[in-house]
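So the structure is just underneath, and the comments pick up after that.
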Amino acid sequence: MKKTFAYLIFAGIALSTGVSAHAVTNQPAEVLSVSKSGPEQTSYNSGTDAPLMPTECVYTLQVRVGSKVYEVKYENALDYFPTALVTGRSVDGRLDHGRMYLETPTGELKASVIGQHQAKSDTLAQSAR
């Protein structure tokens, strides 16, 4: 009985330590670049009664978190992009299951991670200054 109780206590401590080690928390992040791509602009004065086609703008950002640079994609049908996410800006962000969540004054921006690489050492040296 004492062995079973001791095992349950040990298992509970090990489990709680494992869960907290994998908890997703916000980290400081720096926006390195922002680029916009979207559908070509068409003339709406075409002389037809054709309905307007929905358009979706795609923003690609490079964001440095720690020693890694992530390339993320943000898609929006309304052509909205928060002005708080300009190049060189520091924001809070977190990674969770292939997504990056960036905190902005108007809420959280959810983007898909499409690539990552190790940050260059000179980039890290500049940010330490």
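Every read-out reported here was derived from the displayed coordinates using simple, explicitly stated rules and does not represent laboratory data. Everything numeric in this text was worked out from a predicted model, so none of it was measured. Positions of Cβ are generated from backbone atoms using ideal geometry, with glycine treated the same way; all protein chains shown enter the neighbour counts.
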Label 7 Å along Cα→Cβ of Val24; segment 80-110 residues with amide nitrogen under 14 Å?
93-103, 108-110
Peptides ranked, highest mean first, by Cβ atoms within 10 Å: ranges 65-77, 87-99
65-77, 87-99
